[in-house]
Amino acid sequence: KELIDAYKELGEEGLWSNLEYFLSEVIPVAKECDVNMAIHPDDPPWPIFGIPRIITCEENLDRFLKLYDDSHNGLTFCIGSLGCTKLNDMPKLIRKYAGMGRIHFAHVRNVKILDDGSFEESAHRASCGSLDIVDIMRAYHENGFTGYVRPDHGRMIWGETGKPGYGLFDRALGATYINGLFEALEKEHK
């Protein structure tokens with residue numbers, strides 16, 4: 001309870017201030033060592049338990065990148081986190097930030113946005129959720145993205161048990177799906 005109250009008291013601008021201080025200390029070292037840093041968006045991209053969230057949308061991603069405007073300061077672009085609200089157009093954002101060379105790590109998963117605005121994680125295929133994974137991967141391909149990509153989160157399927165959200169079988173299916181999409185896109189553009 002005390003930690004939650006401290007975050008509430010800090011507020012959104014306090015989070016921005018702390019993040020700017022952190023980046024001013026870390027990014028110069030990352031530059032010196034040629035290491036790309038990549039912030040993960042808030043998941044979900046809206047306040048929870050009254051705690052503000054700041055890495056949530058295009059406006060805030062732009063603000064983040066301007067806090068320390070250097071190619072070593074980038075994004076872990078998690079489409080499952082940002083994509084669980086219809087306010088974020090994933091292909092458009094990927095085209096923008098991949099085109100800028102600021103996506104350093106891509107997390108790919110699908111989510112199903114429910115009528116009440118909540119969401120459920122779903123299988124990776126476009127037909128299984130609310131996100132068009134084919135167009136998302138096309139946006140990466142069109143912008144020459146060569147960074148790291150991984151399937152993000154997986155359901156427990158086929159009797160598997162373990163840590164919820166990290167089903168091995170579903171993530172393996174996601175990896176093969178993503179690889180298949182990349183291969184199809186490469187052949188389509190030859």
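The values are calculated or read from the model by the stated rules, or taken from the named source; none is laboratory data. Being a predicted model, the structure only gives us computed values, none of them experimental. Cβ placement follows ideal geometry from the backbone for every residue including glycine, while neighbour counts extend to all protein chains displayed. When the accessible area is computed, the model is the full protein with side chains, heavy atoms only, and any ligands, DNA or RNA have been set aside. Shrake-Rupley method; radii C 1.70, N 1.55, O 1.52, S 1.80 Å.
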Q | Under 5 Å, built H, 5+ apart or other chain: amide partners of I39 | A | G74, L75, T76
(Q) Give the aspartates and glutamates reachable from K187 as a straight Cα distance under 16 Å; neighbours fewer than 8 places away on the same chain don't count. (A) D135, E142
Q.
If I stretch the segment between K86 and E186 completely, what's the gain in nm (0.36 nm per residue apart, minus their alpha carbon distance), one decimal?
A. 33.1 nm
**Q.** Under-21-angstrom lysine pairs by C-alpha in segment 18-174, whenever the two are 8 or more apart or on separate chains
**A.** 7
(Q) Using amide H atoms built in the peptide plane, which far-off residues or other-chain residues are under 5 Å from Y166 H to H? (A) G154
Q | Overall form of the chain per C-alpha gyration tensor (a/c, 1.5; a/b vs b/c) | A | oblate
Q | Carbon plus sulfur fraction of accessible area for segment 1-122, probe 1.4 Å, in percent | A | 53 percent
(Q) Order 136-143, 27-34 from most to least packed using the mean count of other Cβ atoms within 10 Å. (A) 136-143, 27-34
Q: Using the heavy atoms of the protein chains and a 1.4 angstrom probe, tell me the accessible area per residue for segment 97-190 in square angstrom.
A: 55 Å²
**Q.** Whichever aspartates and glutamates have a C-alpha closer than 15 Å to that of K1, once near sequence neighbours (fewer than 8 apart) are set aside
**A.** E9
Q) Under the Karplus relation 6.51 cos²θ - 1.76 cosθ + 1.60, θ = phi - 60°, what is the ordered set of whole-Hz ³J(HN,Hα) values for segment 169-185, x standing for Gly and Pro? A) 5, 5, 5, 5, 4, x, 4, 5, 4, 4, 4, x, 5, 4, 5, 4, 5
Q: Report the extension gain between R63 and K163 in nm, rounded to one decimal, defined as 0.36 nm multiplied by the number of residues separating them, less their alpha carbon distance.
A: 32.6 nm
